[in-house]
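The values are calculated or read from the model by the stated rules, or taken from the named source; none is laboratory data. Owing to the predicted nature of the structure, the values given are computational and were not obtained by experimental measurement. Cβ placement follows ideal geometry from the backbone for every residue including glycine, while neighbour counts extend to all protein chains displayed.
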């Protein structure tokens with residue numbers, strides 16, 4: 001096993017407000033440059049630890065967390081559906097701060113993928129003095145426009161699959177597709193939640209399948225993981241990531257204008273077109289934008305570009 005893929009040397013939980021416990025794992029060098037990894041979703045997890053391959057663990061003290069309600073954090077949203085109202089982006093930002101304080105970190109490099117890039121940007125805008133640099137791949141801001149694209153607009157590319165996805169939503173008149181799934185996953189009985197999660201999971205496998213159409217059908221094999229992911233992602237997306245009005249990421253870029261950043265995005269990312277990364281870059285002149293022409297929502301070349309950026313950022317810490 002290479003150093004880049006080494007297992008965590010420390011795992012545990014940090015208790016945060018609202019009775020939740022955030023799963024935390026640390027890798028790399030204890031006295032290295034602190035870095036935080038934020039996974040995708042909402043509702044994803046650290047998974048098998050793929051994210052560690054992006055960091056030079058001889059230079060970084062790498063901290064990964066499973067966000068509230070997902071992965072190994074407790075309670076899992078499937079077991080605490082009555083606590084769904086506690087799940088907001090602002091609450092996740094507060095969780096991150098409690099983790100930082102508990103681990104004795106003063107400032108850190110913050111990196112993330114997909115939804116994790118939205119959370120990283122929102123966190124940095126709330127606490128710019130705690131962020132050394134931002135390294136973001138498959139860039140999103142979870143705006144209404146982005147959510148409507150990924151749940152409805154992208155159906156122009158996959159019309160037969162979207163027709164199935166829309167029919168399976170059971171939406172009411174005037175209800176957005178994402179709102180219908182959020183409602184059923186929150187309020188439905190066990191059978192209805194299972195059906196909704198399965199239909200949502202299939203759609204997720206579709207819109208990330210441009211490079212690998214053979215993968216259409218199922219994203220998460222485990223039924224509990226599938227339901228947790230669908231419950232959280234539809235909850236956040238139906239509320240536009242809780243980042244509307246003066247909380248919208250693009251409206252607060254002045255708060256992080258001085259922070260170095262790397263934006264890495266695939267030209268073929270049909271789930272989140274490159275326009276979002278481009279708009280961010282225009283509002284963030286000190287950032288570096290790399291569009292990888294041959295890849296979609298993540299890939300080997302995007303990972304290599306992110307690794308190179310993180311190598312550069314390691315030298316920025318005092």
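Among the residues making up segment 125-140, those that are touching a strand residue (DSSP E or B) at 6+ places or on another chain (Cβ under 8 Å) and surrounded by fewer than 24 Cβ atoms within 10 Å (Cβ to Cβ) are 130, 131, 132.
Being in contact (Cβ under 8 Å) with a residue 60 or more places away in the chain, farther than 29 Å from residue 57 by Cα and surrounded by 14 or more Cβ atoms within 10 Å (Cβ to Cβ) is the requirement here; does residue 273 meet it? Write out each step before concluding.
Working: in contact (Cβ under 8 Å) with a residue 60 or more places away in the chain: yes; farther than 29 Å from residue 57 by Cα: yes; surrounded by 14 or more Cβ atoms within 10 Å (Cβ to Cβ): yes.
When the stated conditions are applied, residue 273 passes them.
Mind counting the residues in segment 204-224 that are crowded, with 19+ Cβ neighbours inside 10 Å and either touching a strand residue (DSSP E or B) at 6+ places or on another chain (Cβ under 8 Å) or modelled with pLDDT of 95 or more (or both)? Qualifying residue count, segment 204-224: 1. What about residue 307, is it in a helix (DSSP H, G or I) and not assigned by TED's automatic domain parsing to the domain that holds residue 205? In short, yes. Take the residues in segment 74-100 that are in contact with a helix residue (DSSP H, G or I) (Cβ under 7 Å, 6 or more places away or on another chain) and part of a loop (DSSP other than H, G, I, E, B), then tell me which one is surrounded by the most Cβ atoms within 10 Å (Cβ to Cβ). If we take residues in segment 74-100 being in contact with a helix residue (DSSP H, G or I) (Cβ under 7 Å, 6 or more places away or on another chain) and part of a loop (DSSP other than H, G, I, E, B), then 87 is surrounded by the most Cβ atoms within 10 Å (Cβ to Cβ).
When residue 316 is tested against the conditions (1) out of contact with any strand residue (DSSP E or B) (no Cβ under 6 Å at 6 or more places or on another chain); (2) surrounded by fewer than 14 Cβ atoms within 10 Å (Cβ to Cβ), the lone failure is (1).
Of the residues 28, 64, 112, 71, the single one that is closer than 21 Å to residue 265 by Cα and buried (at least 22 other Cβ atoms within 10 Å of the Cβ) is 112.
What number of residues within segment 42-61 satisfy the criterion of being on the phi > 0 side of the Ramachandran plot and buried (at least 24 other Cβ atoms within 10 Å of the Cβ)? Qualifying residue count for the region: 1. Take segment 117-131 and flag every residue that is over 16 Å from residue 266 (Cα atoms) and part of a helix (DSSP H, G or I). Listed by number, the residues that qualify are 118, 119, 120, 121, 122, 123, 124, 125, 126, 128, 129, 130.
For segment 227-245, a residue qualifies if it is surrounded by fewer than 22 Cβ atoms within 10 Å (Cβ to Cβ) and either touching a strand residue (DSSP E or B) at 6+ places or on another chain (Cβ under 7 Å) or within 18 Å of residue 182 (Cβ to Cβ) (or both), and the qualifying residues are 238, 239, 240, 242, 244. Selection within segment 4-25: residues that are out of contact with any strand residue (DSSP E or B) (no Cβ under 7 Å at 6 or more places or on another chain) and within 21 Å of residue 108 (Cα to Cα). The member of this set that is surrounded by the fewest Cβ atoms within 10 Å (Cβ to Cβ) is 7. Candidates 281, 195, 212: the one that is without any contact (Cβ under 8 Å) to a residue 40 or more places away in the chain and within 16 Å of residue 179 (Cα to Cα) is 195.
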